[in-house]
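The values are calculated or read from the model by the stated rules, or taken from the named source; none is laboratory data. All values derive from a computational prediction rather than experimental measurement. Neighbour counts run over all protein chains shown; Cβ positions are idealised from the backbone, glycine included.
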Amino acid sequence: MYVLWMILIGIIVGAIAKLLMPGRDPGGIIVTMLLGIAGSIVAGFLGRLIGWYAPGEPAGLITSILGAMLLLFLYRLFINRGTATRYT
């Protein structure tokens, strides 16, 4: 049950992050879901490092969205780096 809940929240968080980040994304619903789940994990990890969350406490929705936006930014940076057109 916990995994299904995490996937559902991941879809929502990933979709909100995509809506807040302007530009085109090279990914569909699976990438959105994975970015949302990973964003929540990253946000929880960074929140515990900073002291916002206690050990074992999940990240909040807003922090999860910020984490997903960070990962989406990095994803775009690395994906676009490999597909950039060079003019010589």
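A few points about this structure:
- The single residue among Gly56, Gly36, Gly51, Gly14 that is at pLDDT 80 or above and surrounded by fewer than 18 Cβ atoms within 10 Å (Cβ to Cβ) turns out to be Gly51.
- Applying a threshold of 8 Å to beta carbon distances and a minimum spacing of six or more residues, or different chains, the list of pairs starting in region 42-59 at a residue that is farther than 22 Å from Leu72 by Cα and ending at one that is outside any loop (DSSP other than H, G, I, E, B) reads Trp52/Thr63; Tyr53/Gly44; Tyr53/Gly47; Ala54/Arg48; Pro55/Arg48; Glu57/Gly44; Glu57/Arg48.
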